[in-house]
Every structure is written in structure tokens, then in C-alpha cells.
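K.L.:
Have a look at the structure that comes next, please.
The values are calculated or read from the model by the stated rules, or taken from the named source; none is laboratory data. What you are looking at is a predicted structure, and each value in this text was computed from that prediction instead of being measured. Backbone-built Cβ (ideal geometry, glycine too); neighbour counts: all protein chains shown. Just the protein is used for accessible areas: all its heavy atoms, side chains included, with ligands, DNA and RNA removed. Shrake-Rupley method; radii C 1.70, N 1.55, O 1.52, S 1.80 Å.
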Amino acid sequence: RRVHGDTTLNMKIPTVPGSVVFQRVYLLLWSFLLLGIAVWQIATVGDWREANVAASVAAKDPLGFFGDAPRSSNAAASDMTKATEFAAVFTCGAALAVVFHVLKWNNATRHVTSAALLGIFSMQLVVLAYIIAVNGTYDKPAANPNGDLNTVYKKMGAAAIILVAVSAVCFVQQQICAVEYFVIEWPNMDDSSCCKVCCATGEHCSFGRFLVVAFASAYLALVIVRGAVAADLQQQLLDGLNEPNSKLFNLNLITIDFLYVAIIVSGVVAGIAAMQALHALWFWNAGSQNVAVVLGFIALAFETWLFGYAISHWEMGDDPETLVKAGGDQNDNDIDPSLDTIASLTLIAFFAQFVVWAAIGLFNQRLNSLAEASISCCQSKNAAAITGRIFVLVAVFTAFAVYLVRGALVGDISKQAYDMELDELNGKRVSDSLHANTASGWLVRASVANFGIGLGLTLYGLFHVFAWTRISAATLSAVLLVCIGLDIVCLGYGAKQAEFNEDLPSGAPEIDDTLSTIGALAVVQPGVNMVVLAITLIFTCGFNDSGDLVGDVATDDFTATAVSGETSDAGVTVTSASGSAAGSAAASGSAAGSA
């Protein structure tokens, strides 16, 4: 009997009564542990922020909030905390996606949660790299008055170690230890052409697709507007800091981080919204539907994160203790209204994602069929599959390599900055300082989030090459769109760094070559990922979809039928199919019966 068709290593545990239930409960427990540790990790970051707010209020310093609490000062600690916060939020969304996979138990949810688990693994490894850097600098008394690593950083590091291990266990368990999955086909689907993009004509089909496209497009537009407003404000802030004696705008102690998080979140969820729209515009099949629903969990996690910042912004508001009058007019006691606009758009976007998520799950009539093993969409199906796999493999490897180089450069420049700061704290004379401008630090921090998630998600491209199914193609398209969203954020910071560098007065030193290279690669990365996305969407012949579709087609909307004698969500017991041909025949038979 088949385990995952042709899409995994085909290793299986002995099939005994209840083994499917055991595997699902086993993975569910792991996912709960994943979620619990991620919540603990982000709560630890929250404690750190509370200490920073208190210190910043006392010092009346808006930049102090972006730094570190005085009693736990360290060169690498601030950057580590921001990387931890981003990784923890993504982990929360991915953990919920794993829970959803356990409930639906099909190959589409398996593929997208596998990609998410790779993202967790790579981002938490970045956090571990930071904890090593932080720990390595605490042997110098000047770096920490207490002479010991602050407990908050120990907690962040411990959580990262656990999450790296648990995400690896969940990933391996999903690939080689699970038994038969449910089939994800729906009735009333048109399967007349394996190259067909649009579904068959029908009132329900066109109406449902239209609503999904409309909702997802509206959400995408909302996110883009929010990101543009935040980017405009941060650009004003960077311009003002880059030019001495420049007038800024009134802000409060959370404004600097609020703007940064708004830009980062907008980049991530814009990619997710694009995939949700792409589901209806391009794929419109059961696989892409499951992928879009699972991505909704991650989008909601990031929207919740930003919503928390919006609440903090509203709480501080124009409070004299937290208000920083950077606008130049000491009689102006009002915070910049654009900040309230960002907070309001965040509230709307939070609920808008719920609407998009529900629409994708609700409208599933006349989805394009994935059961196309016996249909040839090109003259030489095998040759086309080999060619497509080679192109995708080369493209994915290139994208992965660029992320890896960016990560290495960021690590190198960060180490230089930390060493110089510690030398200054210890009273050493620094002969050669690191040349940067006000945009460089933001470029480095955004690049950490970008390559941290990019390494794991582009690595999934290798699984698409191996699986070569329509489901894996939709999943790879989704993760690439998420990466591209963050790529564009880094591109903006890189462009701003280059602009400041070009406007230097005569004789002023230019920025460090490593920073220039990081900025240049930030421009290259989105182009590379767009090429990979185009190749993924173009090369679609020769898919092994039958490996994901062994068994009967479900007899009810949004329910799945189990394979090998398992009971479906609809309460129907089916028998095992033998091989790809049998799976295709069973699917065709059920579709005919539904018709």
C-alpha cells in the first residue's frame, strides 16, 4: 500500500488498526509543543520590551526603546531580540498551520506545512547564532555591569534550541512516519484538460472565484497602502536623522519600532495575499485552496503582531511622558496623524484577512481537477518534466545561494560592529571605524529577517523538484511570493542607503564595501525570486499528481476521503487503491458518479 504516493521517501511504519489516528495525535502533540514554546519565546520578548519602555520613559529618549535596557546592555542583544520576535511570530503561525494539517490530513497541507517548518528551522538557527554572539561578549565586564548573561536572553536562546529540535522532528515525522492521507478532490470539477487554468463555466464557479479574487485583491491593496504610509514616515525619519538640525515629526517611544514592524509585516502578508489571489486567478484547484488557507494562519499571526504594536501606539498616544516633540514646534502636542492611519489600517487588515480566509475555504465549487495522471498536456510528457525540473532546480539553487551569501555578509558586518562597540566600552582606541549611514542599520536588520526566512522557504524548492506535483508547484509559488514581499522591503532600505551614500559631502568617507554589497544583493534578490516564480508557473507538464490522489473522491464539500479503509470526514469508508493508475481510475469513477 502507498504511503505518500510518489512524493516522499515511501518509508512507513507497520500499518495496524488505529495507526493513522496515532500518527495524527502524535503530530498534534508536537505542534502544540511548537506553539507553546513559540508563545513563551515571544512573551519573553515582551518582558524585554517592557523593561525598555520603562528605561526610555525615564531617559526621555525615543532611540532608547530601540536599544537595550541599561542593566543588560550588550552589543548584539538588541539585534538578537528583533530577530527572535520575528521568528517567534512566524513560528506561531506555522504551528497553527501544522494543527490544521492534522485536521485535514492531506498532501496539500503536508507540503505547505513542510515549507513552513523549514522556515521555522532556519529562522530559529539565526536566533541561535545571535545567542552565541551575545553570550560571547559577556565575558567583558564593561559589556554588562551585572557580569552575567541576562535571564531574558537565556530564555530566548533556550526557546530557540527547543524550536529548532521540535521543527526538525515535525518535519521528519511528516515526511517519513505518517500513514495514508485523505484525498483532497471535490465533486463537480471539470477535468477535461490538464493545462486548463479557468474552471468550467458555471454560476457558482464564476461567482465564487470573483469573490475570492475581489477580497484577496482588496486585502492586498490595503496592505500595500499601509506599508507605503509606514515607509514614507520612516523615510522622513531617516532623512531627518541623516541631516543635522532637521525637523522631524512628533512621535512617541514606540514609533520607531512600530514603523519598522509595519513595513516588515506588510512585506510578508503582501506575499501571502498575492498567493491567495493567485489561487483564484491561476490555480483554482483543491491543492492551491489548501495552501492559501494554511498561509492564512501565518498572515493572521503577523497581523496580530502588528495589531499589538498598534494598541501600544494608541495607549501611549500623546501622553507627555512618552511624546517626543521632534517636529520643532514645542507648542505642538499632537502626534503625527499618519501614525494613527497606520494603526487604523492594521485594525481593518486584521479582520480583512479573516474574510479572505473564510472566502477561500467556503467557495470551492467546480475547482479544477488534480486527477490528471492519464491526460497528457504535451507531446513528450517525461521529457518536459525532466526539462522543467532542471530549470527549477538551477533557479532555486541560485536563489538559495544569494540568500546564503547575504546571510554571511550580514554576519560579517554585524561581528565587526559588535567588536568595535565592545572595544569602545572597554576603553580601547578604535583606529578604523565602520562607515555606515542611518539606513544601514535598518538594511541589516531587515536582511536578517529576509535571509532567515528565505533560506528555509527556498529550500522547499528542492522538494518541489523531487515531488513535481501541482500541489508542490502551488506551495513553491506561495513561499516565493512571501520571500519576494520581504525582498522588496530590503530593496527599499538598500536603495535608501545608496542614496545617502551618493549625497555625501566632498571628502566624507563612503560606506563600508560589505554594506554596499549587502545593498546590491538586496536589489538582485527579488529579481532572482521572480524568475524562479515564473519558471515554477511555466513548467507544469509531466506532474506526478496521481501520487497525491490515490483513493476515492470525497462525496461532500470540503471533506476528504481516507485511503486504505480509513473513514472520511463524511463518514464514508473506502478501500485501498493500488498504484497510480488505480488511483486515477478511482478518482475518475467518483467524479463520474458525482456527475
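K.L.:
Let me spell it out: the conditions are (1) open to solvent by 10 Å² or more (accessible area, probe 1.4 Å); (2) more than 24 Å from the chain's Cα centre (by Cα), and Leu281 meets all of them except one. Which number is the exception?
P.N.:
Only one criterion is unmet by Leu281, namely (2).
K.L.:
Among the residues of region 254-265, is there at least one that is among the hydroxyl-bearing types (Ser, Thr, Tyr) and over 19 Å from the mean Cα position of the chain (by Cα)?
P.N.:
Yes, there is a match, as at least one residue in region 254-265 is among the hydroxyl-bearing types (Ser, Thr, Tyr) and over 19 Å from the mean Cα position of the chain (by Cα).
K.L.:
Now, a different point. Residues being polar (S, T, N, Q) and open to solvent by 40 Å² or more (accessible area, probe 1.4 Å): count how many of those fall in region 400-422.
P.N.:
Count: 1.
K.L.:
If you scan region 486-522, which residues turn out to be among the small types (Gly, Ala, Ser) and open to solvent by less than 10 Å² (accessible area, probe 1.4 Å)?
P.N.:
If the condition is that a residue be among the small types (Gly, Ala, Ser) and open to solvent by less than 10 Å² (accessible area, probe 1.4 Å), then Gly494, Gly519, Ala522 are the ones that fit.
K.L.:
Only residues that are modelled with pLDDT under 90 and either of a type in the set (S, T, N, Q) or on the phi < 0 side of the Ramachandran plot (or both): list them for region 78-108, please.
P.N.:
Ser78, Asp79, Met80, Thr81, Lys82, Val102, Leu103, Lys104, Asn106, Asn107, Ala108
K.L.:
Does region 299-328 hold any residues that are open to solvent by less than 10 Å² (accessible area, probe 1.4 Å) and under 14 Å from the mean Cα position of the chain (by Cα), and which are they?
P.N.:
Correct list: Ala299, Phe302, Glu303.
K.L.:
Just to be sure, is Ala473 of a type outside the set (Val, Ile, Thr), more than 14 Å from Ile263 (Cα to Cα), over 21 Å from the mean Cα position of the chain (by Cα) and outside any loop (DSSP other than H, G, I, E, B)?
P.N.:
Against the criterion (of a type outside the set (Val, Ile, Thr), more than 14 Å from Ile263 (Cα to Cα), over 21 Å from the mean Cα position of the chain (by Cα) and outside any loop (DSSP other than H, G, I, E, B)), Ala473 does not qualify.
K.L.:
Next question. Show the residue pairs meeting these rules: Cβ distance below 9 Å; 6+ apart or different chains; first residue within region 514-539 and in contact (Cβ under 8 Å) with a residue 60 or more places away in the chain and under 18 Å from Ser447 (Cα atoms); second residue open to solvent by 50 Å² or more (accessible area, probe 1.4 Å) and of a type in the set (Asp, Glu).
P.N.:
Pairs found: Thr514/Asp412.
K.L.:
Mind checking whether some residue in region 3-25 is within 29 Å of Val291 (Cβ to Cβ), part of a helix (DSSP H, G or I), at pLDDT 85 or above and open to solvent by 60 Å² or more (accessible area, probe 1.4 Å)?
P.N.:
For region 3-25, residues within 29 Å of Val291 (Cβ to Cβ), part of a helix (DSSP H, G or I), at pLDDT 85 or above and open to solvent by 60 Å² or more (accessible area, probe 1.4 Å): present.
K.L.:
Now for a separate question. If a residue must be among the small types (Gly, Ala, Ser), farther than 17 Å from Ser472 by Cβ and more than 14 Å from the chain's Cα centre (by Cα), how many such residues does region 91-114 contain?
P.N.:
0
K.L.:
Another one. Give Ser472, Ser477 a once-over and let me know the one that is under 20 Å from Leu300 (Cα atoms) and out of contact with any Cys (no Cβ under 7 Å at 6 or more places or on another chain).
P.N.:
Just a single option satisfies the conditions, and that option is Ser477.
K.L.:
Could you list, in sequence order, the residues of region 241-255 that are open to solvent by less than 10 Å² (accessible area, probe 1.4 Å) and assigned to a helix (DSSP H, G or I)?
P.N.:
Selection gives Thr255 alone.
K.L.:
Give the residue that is modelled with the lowest pLDDT, with candidates limited to residues of region 432-470 that are open to solvent by 10 Å² or more (accessible area, probe 1.4 Å) and outside any helix (DSSP H, G or I).
P.N.:
Top of the filtered list is Asp432.
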